[in-house]
1. Here is a list: T110, T121. Which entry is among the polar types (S, T, N, Q) and modelled with pLDDT of 80 or more?
2. So if I check each of F115, F130, which one is modelled with pLDDT under 80, outside any helix (DSSP H, G or I), over 19 Å from L68 (Cα atoms) and not assigned by TED's automatic domain parsing to the domain that holds T58?
Amino acid sequence: MTRFKRSIATLAATSVLMASAWSSVQAATISTQDIAAAQAAETGTLDATTARAHIDATLARADLQTALQERGVDINQVRARVAAMTDSEAQQLAAQIDQAPAGAADILGTLVFIFVLLLVTDILGLTKVFPFTRSIRH
């Protein structure tokens with residue numbers, strides 16, 4: 001038992017020495033801009049200038065301009081409305097642009113998921129949707 005107590009005491013002393021050696025802390029002032037940038041990076045939001053630049057870059061894409069023209073929307077009116085947005089509205093729109101699904105990939109993925117789900121339930125014998133499947137319950 002003495003050897004066990006000695007090893008526990010050695011381990012505790014080593015832990016205290018290591019913790020005290022690594023606990024040096026430096027304090028420095030942080031600007032409000034640094035805090036705002038860190039929060040924006042953490043939450044994924046952009047500042048107003050970056051958000052407007054992101055929206056302008058998106059509006060400059062040829063495929064988007066073609067799609068808007070096909071729907072009868074004038075790109076100059078869109079840019080005027082974007083310029084009239086408040087900073088918070090521009091930030092929300094930029095966030096929505098980043099989070100929006102890209103085209104029909106989500107629809108195709110959903111259809112494939114439903115097909116696979118129905119196929120598995122047919123094979124398990126829970127449904128009978130497809131005539132080419134055999135249930136494992138037979």
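1. Of T110, T121, the one residue that is among the polar types (S, T, N, Q) and modelled with pLDDT of 80 or more is T121.
2. One residue alone meets the criteria, F130.
The values are calculated or read from the model by the stated rules, or taken from the named source; none is laboratory data. Note that this is a predicted model, so its numbers are computed, not measured.
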